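The values are calculated or read from the model by the stated rules, or taken from the named source; none is laboratory data. All values reported here derive from a predicted model rather than from experimental measurement. Cβ atoms come from the backbone with ideal geometry, glycine included; neighbour counts cover every protein chain shown. The protein model used for the area step is the full one, side chains on, heavy atoms only, and it has no ligands, DNA or RNA in it. Shrake-Rupley method; radii C 1.70, N 1.55, O 1.52, S 1.80 Å.
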Amino acid sequence: MSEYNKTLMITGGAGFIGSHLVRLFVNKYPAYRIINLDALTYAGNLENLRDVESAPNYIFEKGDITDQDAMDELFNRYNFDAVIHLAAESHVDRSIADPLAFVKTNVVGTCTLLNVGRKHWSGKEEGKLFYHVSTDEVFGSLGKEGYFTESSPYDPRSPYSASKAASDHFVMAYHHTYGLPTIISNCSNNYGSHHFPEKLIPLMINNIKTNRPLPVYGKGENVRDWLYVDDHALAIDLIFHKGRIGEKYNIGGFNEWKNIDIVHLLCSIMDKKLGRPPGESAKLISFVKDRPGHDMRYAIDPTKLNKELGWKPSLQFEEGLEKTVDWYLQNEIWVKQVTSGEYQHYYEKQYHK
Ligand code: NAD
Ligand code: TYD
């Protein structure tokens, strides 16, 4: 008999959200054996998990979700009870530059995992779960009014969101066709520590700190609905344990912000933290060419999750943002490490073309 009562694979556990989820599960569930499967792309970093790497219930496996033989071997070796699947290419601007990389990881990789899961769990579905972590971006772009619900039509507009939409469809297809026990959650934009600095909030924090221009796309009028990353991890925990098989859950905290307002808020927080005169950092704001096909507004209606499972976000945005800024200011080495090398080439191409 194993000393563990569940063996669980989390894919993409070395990334931003994945590392918060792995930390939560390793610490909260010592009776679960957690296998973190990650290819360690530019976005994956084992430094994110230094504090849990020696926990007895934690194992790291380096591997690529598109490698069917490797995934098959892992299922054989560990006999997983569940998979929480986060591994993905996740940045919209990179998807515009290289869509096929997104098809490969997000579509082919997800299908590969579904296929291997189906093979190993066929006839033994009871108690198993394939939990797919997805995004609200699959629903497309909202105007000034309205919210995305679980029944909103899929209308992806970027190669990233198209690849995530395709992966969601395959998850549902495996559920309906083969009876694979699945759940999908679609979450709004996350922010918090360990967020790769190609994304809006950490990029702006890093550029304010180093006195570089703050590249705001278009007029900065686009709206995103922001959720603290640990609140996303707690929602996944709840849905993983109490969600209904075959269902979808939207996750979000009714926290909509225009990009330009977030950048101003970050500038004022940073002015205070860095001892700069008020207004100093905002002088760095630079409006640049808009992102092609830039979705105007995302906004999640999380009523189902709240009513069915009682989930609510724990943190106010201003408080979460301040905690996030503090983390980046205290973790300069992490930022230096992840922004050296490949990221320099990406930054040059993206912002100095
Ligand atoms: P991230 O880019 O920070 O991390 C992705 C992780 O996946 C990295 O550790 C990377 O090494 C790994 N990975 C990439 N390709 C792989 C492959 N072929 N095989 C194995 N591992 C691979 O992403 P994130 O922001 O943490 O997002 C995690 C998941 O949550 C994604 O599926 C994303 O679509 C979804 N999501 C993200 C947000 C957000 O705001 N960041 C919001 C909603 C949903
Ligand atoms: P991002 O963090 O890339 O997340 P997503 O595109 O998945 O929502 O971008 C958030 C918003 O910020 C989006 O409207 C694009 C905008 N943005 C900028 O204005 N400048 C930037 O340098 C970046 C990276 C994003």
Virtual paramagnetic centre 7 Å along Cα→Cβ of Leu274, amide N under 14 Å, in the range 196-216: 202-215
Explain nothing, just compute: Karplus ³J(HN,Hα) = 6.51 cos²θ - 1.76 cosθ + 1.60, θ = phi - 60°, for every residue of the range 327-333 in order, whole Hz, x for Gly and Pro. 4, 5, 5, 8, 10, 4, 5
Sorted largest first, extent of the range 150-230 alpha carbons per principal axis (Å): 54, 27, 18
Whole-Å distance linking the alpha carbon centroid of the range 210-225 with that of the range 247-299 is 6
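Which value in deg cm²/dmol, rounded to the nearest 500, describes the helix-derived mean residue ellipticity at 222 nm for the chain, given -39,500 (n - 2.57) per DSSP H run of n ≥ 4 and division by the residue count? List each step's numbers first, then the result.
Numbers: 13 runs with 145 residues, N = 353.
The per-residue figure over the chain is -12500 deg cm²/dmol.
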What is the spin-label model distance, in nm, from Met172 to Arg212 if the labels are put 7 Å beyond Cα along the C-beta direction? 4.0
Over 35 Å apart: what share of the alpha carbon pairs of the chain falls there, rounded to a whole percent? 20
Can you give the relative contact order of the chain as a percent, counting alpha carbon pairs under 8 Å and 6+ residues apart? 17
To test your reading of the geometry: what angle, between 0 and 90 degrees and rounded to tens, separates the Cα axis of helix 68-78 from the longest principal axis of the chain? 70
Not counting ligands, DNA or RNA, and with a 1.4 Å probe, what is Cys111's accessible surface area in Å² rounded to the nearest 10? 30
Return the sequence-ordered ³J(HN,Hα) values of the range 153-168 in whole Hz as given by the Karplus equation 6.51 cos²θ - 1.76 cosθ + 1.60 applied to θ = phi - 60°, using x for Gly and Pro. x, 6, 8, x, 10, 10, x, 4, 5, 5, 5, 5, 4, 4, 5, 4
Please compute, for the alpha-carbon atoms of the range 196-300, the extent along each of the three principal axes and give them in descending order in Å. 52, 33, 22
Quick one: angle between helix 110-121 and the longest Cα principal axis of the chain, in degrees between 0 and 90, rounded to 10, please. 20
Quick one: if you stick a label point 7 Å off each Cα along the C-beta vector at Glu125 and Lys323, how many nm between them? 3.8
Rounded to the nearest 10 degrees, the helix 16-28 long axis (Cα) sits at an angle to the longest Cα principal axis of the chain of 50
Largest-first ranking of His132, His352, His241 by accessible area, probe 1.4 Å, whole protein assembly kept, is His352, His241, His132
Just to check I understand the Karplus step: with θ = phi - 60° and J = 6.51 cos²θ - 1.76 cosθ + 1.60, what whole-Hz values come out for the range 233-244, glycine and proline as x? 4, 5, 5, 4, 4, 5, 5, 4, 8, 10, x, 8
Binned at 5 Å from zero, the C-alpha pair distances of the range 13-55 give percents of 5, 25, 38, 20, 9, 2, 0
Cross-link candidates for Lys323: which lysines have Cα within less than 23 Å, leaving aside residues fewer than 8 places away along the same chain? Lys28, Lys199, Lys209, Lys258, Lys272, Lys273, Lys312, Lys336
Would you mind getting the accessible area per residue of the range 1-60, heavy atoms of the protein chains only, 1.4 Å probe, in Å²? 41
A correct Kirkwood calculation over the Cα atoms of the range 128-264 returns a hydrodynamic radius in Å of 16.4
As a test of the definition: which semi-axes, in Å, follow for the range 115-199 when you take the square root of five times each eigenvalue of its alpha carbon gyration tensor? Largest first, please. 28, 17, 12
Scattering curve values for the range 66-211, log₁₀ I(q)/I(0), Debye with Cα scatterers, q = 0.09, 0.17, 0.18, 0.19 Å⁻¹: -0.33, -1.02, -1.10, -1.17
Apportionment of accessible area to carbon and sulfur, the chain, percent (1.4 Å): 52
Below 11 angstrom from the Cβ of Pro197, what's the summed charge of the other residues (Lys, Arg +1; Asp, Glu -1)? +2
Taking the Cβ of Leu100 as the centre, find all other residues whose Cβ is under 12 Å away and add up their charges (Lys, Arg: +1; Asp, Glu: -1). 0
Local net charge near Ser19, Cβ-Cβ under 13 Å (Lys/Arg +1, Asp/Glu -1): -3
Just to verify a number: FRET efficiency for Lys336 and Glu221, C-beta to C-beta distance, R0 = 30 Å, to 0.05? 0.35
